[in-house]
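The values are calculated or read from the model by the stated rules, or taken from the named source; none is laboratory data. Every value quoted in this text rests on a predicted model; they were computed, and no experiment measured them. Note: ideal-geometry Cβ built from the backbone for every residue, glycine included; neighbour counts use all protein chains shown.
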Amino acid sequence: MKFWKYSRVALALMGSVALGLSITCCGVYTSGYMYVTGAQFNQIGAYKIDHDFGYLTPVTGSPFANAGGTPVGAAILPGGRFLAVVSQGTPGVAGSGSVSMYTIGGGGVIAFQQTYFTSGINPVAIALAPAGGYLYVLDQIAPPDYINGVDQNAGRGDITVFQINSSDGKLTLITNQNTFNTNGTQLPYFTVNYNPVRLVTESGYVYVLDNAYSPNTAPPACVNAQPTSSCFTPDVFLYAANSSNGQLTLTQNAPLTLGIQAGAASTISAPGGPYIYITDNDLGQSPGRILPFTVGPGGVLQSIVGGPTPNIPNALYPDCVVANSNNQFLYVANYGPSSIFQANSSISAFTISTTNGQLQRLPVSGGSNPFPTGSGPIWMVIDPTNQYLYTADHNSNTITGHIMGATNGQLSNMFKGTTFPTVGQPTFVVVTSRTY
């Protein structure tokens, strides 16, 4: 994982169509808004998405100052009226993590509402519950829990769970009803395995991807030296999510060990339906692979027949995936070499089998696969109309847009500009179809 180097349109009365649908006198139709978090100056960039051409126009007041520390992720709450931004560290609070809530107003303008603190330290991911009533934040470092002087959470991460008030966007911390502190109080978090890096929700379950180095269980050679790749055993940690009370419950005794090169698992994503795909970046020694799974009984991940799919040659460090709305095509962002001067970042494209979720390299005509994009794509998003794919490019401080072929999945340049400047060192990007 290289991060640290690194939900249409509402009907309106005829007399207010131009305002409600964001149509100007010139006929420009905004299909939604995009929000990009930036680490360099702790900012949030906000943009209108043009329906006809896909180009981006900054909304009034953009970029906006982030109320937290360094932003690392974001989520649009159900209904599209609120934006949640998770940050590592909070000004004046050493070592903390936070979630800052913003209202999304007319024209896509955001306004700070309130900040909530996570239970652990160094949050790395954010996700919504499958039913939408809860917000999950993955902390890389869980709070200490000492028994006889030994921290039972040493090296472990945690999930902080908040209940969402859909009317005003306010969050309420959910405590763990099944686990207690040594002083008898309920924990304000749910522990996960060692060194968690990604979080995804699917089919009523929460999955955490861990790079799983534990100083308590690692071979002796790993404990007193800088851990090497052989010291890690990446796995997936699973919880069942209760949609009534927000509780997370373990469904199995041990995480799913992935059997990939240590440290190579870089992202986990559920592009819809019963399939989950995990990328193996092979530490940049090869193009890596995409590991496909289906969600089995009890949420257990089961390998799809045929096994992992090799990434496309000349594509390095696959670090996130996204699928189009009908799950025909899967796109993989390849971060590439960690230099703005090396234009080797790309997007690999695959077709998704409708019967078993297997991947096949997308055939191209008059082009190439992988497709070029901005330098260091760290996250991807598809616009609300399912026409355009965008990458947030960490190294080149840009958003790169692509037209997605509706029937063939091929990517092509936009007609009125493909690259758009954005906040410094973008870390995440989200979109909403709400335009009023």
Residue in the stretch 37-57 that is nearest to the chain's Cα centre (by Cα), counting only those that are under 16 Å from PRO71 (Cβ atoms) and among the β-branched types (Val, Ile, Thr) | THR37
State which residue is farthest from the chain's Cα centre (by Cα) when the search covers only the stretch 382-436 and only residues that are farther than 27 Å from VAL72 by Cβ and hydrophobic (A, V, I, L, M, F, W, C).
-> PHE415
Scan the stretch 105-125 for residues that are surrounded by 23 or more Cβ atoms within 10 Å (Cβ to Cβ) and not polar (S, T, N, Q) and jot them down.
-> GLY108, GLY120, PRO123, VAL124, ALA125
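Could you list, in sequence order, all residues of the stretch 407-436 that are of a type in the set (A, V, I, L, M, F, W, C) and assigned to a strand (DSSP E or B)?
Here is the first cut: in the stretch 407-436, the ones of a type in the set (A, V, I, L, M, F, W, C) are 411, 414-415, 420, 423, 428-431.
Scanning the stretch 407-436 gives LEU411, PHE420, PHE428, VAL429, VAL430, VAL431.
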For the stretch 26-67, enumerate the residues that are modelled with pLDDT under 95 and of a type in the set (Val, Ile, Thr).
-> VAL28, THR30
Answer from ASP139, ASP145, ASP168 - the residue that is surrounded by fewer than 24 Cβ atoms within 10 Å (Cβ to Cβ), closer than 18 Å to GLN186 by Cβ and of a type in the set (Asp, Glu) | ASP145
Failed item in (1) outside any strand (DSSP E or B); (2) touching a His at 6+ places or on another chain (Cβ under 9 Å); (3) under 18 Å from GLY32 (Cα atoms), with SER375 passing the rest | (3)
Exactly one of GLN163, GLN114, GLN140 is assigned to a strand (DSSP E or B), among the polar types (S, T, N, Q) and within 20 Å of ILE44 (Cβ to Cβ), and that one is GLN114
When the stretch 369-384 is examined, which residues are found to be buried (at least 21 other Cβ atoms within 10 Å of the Cβ), farther than 21 Å from PRO71 by Cβ and among the polar types (S, T, N, Q)?
-> THR373
Considering the stretch 385-406 alone, what residues qualify as being assigned to a loop (DSSP other than H, G, I, E, B) and crowded, with 23+ Cβ neighbours inside 10 Å?
-> HIS394, ASN395
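Rundown of residues vs (1) at pLDDT 55 or above; (2) part of a helix (DSSP H, G or I); (3) touching a helix residue (DSSP H, G or I) at 6+ places or on another chain (Cβ under 8 Å), yes/no style:
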position: LEU209; (1), (2), (3): yes, no, no
position: TYR213; (1), (2), (3): yes, no, yes
position: CYS222; (1), (2), (3): yes, yes, yes
position: LEU238; (1), (2), (3): yes, no, yes
position: ASN245; (1), (2), (3): yes, no, no
position: GLY259; (1), (2), (3): yes, no, no
position: SER266; (1), (2), (3): no, no, no
Go over the candidates GLY79, GLY95, GLY89 one by one and state the one that is in contact with a strand residue (DSSP E or B) (Cβ under 7 Å, 6 or more places away or on another chain), closer than 22 Å to LYS170 by Cα and modelled with pLDDT under 95.
-> GLY89
Matching residues, the stretch 144-162, being at pLDDT 90 or above and either closer than 17 Å to PHE237 by Cβ or of a type in the set (Asp, Glu) (or both) | GLY157, ASP158, ILE159, THR160, VAL161
